[in-house]
1. Which members of segment 91-142 meet the condition of being in a loop (DSSP other than H, G, I, E, B) and small (Gly, Ala, Ser)?
2. Hey, among the residues in segment 133-179 that are of a type in the set (D, E, K, R) and over 23 Å from the mean Cα position of the chain (by Cα), which one's farthest from the ligand (Cβ to nearest atom)?
3. Check Tyr116 against each of (1) in contact with a Pro (Cβ under 6 Å, 6 or more places away or on another chain); (2) surrounded by 19 or more Cβ atoms within 10 Å (Cβ to Cβ) and name the one condition it does not meet.
4. Restricting attention to segment 64-85, which residues are in contact with a Ser or Thr (Cβ under 7 Å, 6 or more places away or on another chain) and either surrounded by 16 or more Cβ atoms within 10 Å (Cβ to Cβ) or under 14 Å from Phe146 (Cβ atoms) (or both)?
5. Regarding Arg93, is this residue surrounded by fewer than 16 Cβ atoms within 10 Å (Cβ to Cβ) and away from the ligand (no atom under 16 Å from the Cβ)?
6. Which residue pairs have Cβ atoms under 8 Å apart, sit 6 or more places apart or on different chains, and have a first residue in segment 145-170 that is assigned to a strand (DSSP E or B) and a second that is acidic (Asp, Glu)?
Amino acid sequence: MRITDSRYDRDRQRLNVAYRLIGHEARTQTIRQATGLSGDRIRKLYRDYFKGQPARPVRRRRGKSPRQMSFFWRSPVHEVQAAALAAMLQHCRFIGRPRALYRPNLDEVNRFCDLYETFRALCPATVISFEHAWHLLHVLARLDEFVLARCPDCHGTWIRDTLDLLPDNCAACRTDPPD
Ligand SMILES: [Zn+2]
């Protein structure tokens with residue numbers, strides 16, 4: 001009976017996390033990676049979600065999840081917002097833990113949702129979608145090609161491409177150099 005109860009609780013927790021991810025317009029493959037639910041089950045959850053909340057402006061995004069870090073260098077705004085999000089990831093100890101993130105547990109996914117929701121509250125018009133934030137999380141978890149660094153000019157946090165020599169300072173300093 002106890003085992004059944006705990007399985008039921010786990011399944012319920014998994015569904016709650018999946019609904020939370022649907023609310024963030026996460027793609028099926030992201031939800032599958034984050035919850036371990038099957039693609040069929042997730043598609044059914046999507047249907048139930050939209051049936052239950054027809055007025056909510058949630059879009060179902062199709063196709064592949066973002067895989068390009070170049071997104072975060074599209075403009076100084078992208079760069080600064082990515083650095084702010086990365087600083088939050090570091091503060092909440094998400095960075096430098098690659099193994100845990102390929103098979104995250106539900107608590108970690110919930111903590112990441114908390115973090116992203118906090119970021120959205122601080123930066124409501126952000127250009128960084130949940131899927132982009134999820135991608136950034138996985139790239140920075142590895143800490144190989146991209147690392148968090150201190151800007152040599154303003155000492156602010158920025159994301160440095162370790163394979164690229166330029167630029168060598170943060171977006172804020174490039175657009176508005178300190179006196
Ligand atoms: Zn700087």
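The values are calculated or read from the model by the stated rules, or taken from the named source; none is laboratory data. As the structure is a computational prediction, the values presented were derived from the model and not from experiment. When we count neighbours, we look across all protein chains shown, and the Cβ atoms used for this are built from the backbone with ideal geometry, even at glycine.
1. In the first step, residues of segment 91-142 are kept if they are in a loop (DSSP other than H, G, I, E, B); the result is 92-97, 103-105, 123-129.
Passing the criteria: Gly96, Ala125, Ser129.
2. If we filter segment 133-179 for residues that are of a type in the set (D, E, K, R), which is where we start, we get 142, 144-145, 150, 153, 160-161, 164, 168, 174, 176, 179.
Going one step further and asking which of them are over 23 Å from the mean Cα position of the chain (by Cα), we end up with 153, 164, 168, 174, 176, 179.
Working: Asp153: 5, Asp164: 16, Asp168: 10, Arg174: 8, Asp176: 9, Asp179: 13 Å.
My answer is Asp164.
3. All conditions are met except number (1).
4. Narrowing segment 64-85 to residues in contact with a Ser or Thr (Cβ under 7 Å, 6 or more places away or on another chain): 65, 76, 81, 83.
Those that are in contact with a Ser or Thr (Cβ under 7 Å, 6 or more places away or on another chain) and either surrounded by 16 or more Cβ atoms within 10 Å (Cβ to Cβ) or under 14 Å from Phe146 (Cβ atoms) (or both): Ser65, Gln81, Ala83.
5. Details: surrounded by fewer than 16 Cβ atoms within 10 Å (Cβ to Cβ): yes; away from the ligand (no atom under 16 Å from the Cβ): yes.
Judged against the criteria, Arg93 is a match.
6. Short answer, once both residue conditions are applied: Phe146/Asp161; Trp158/Glu79; Ile159/Glu79; Asp161/Glu145.
Listed here are the residues, each with its yes/no results for (1) modelled with pLDDT under 90; (2) within 25 Å of Leu143 (Cβ to Cβ).
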{"site": "Ile22", "(1), (2)": "no, no"}
{"site": "Lys44", "(1), (2)": "no, no"}
{"site": "Asp48", "(1), (2)": "yes, no"}
{"site": "Gly52", "(1), (2)": "yes, no"}
{"site": "Arg67", "(1), (2)": "yes, yes"}
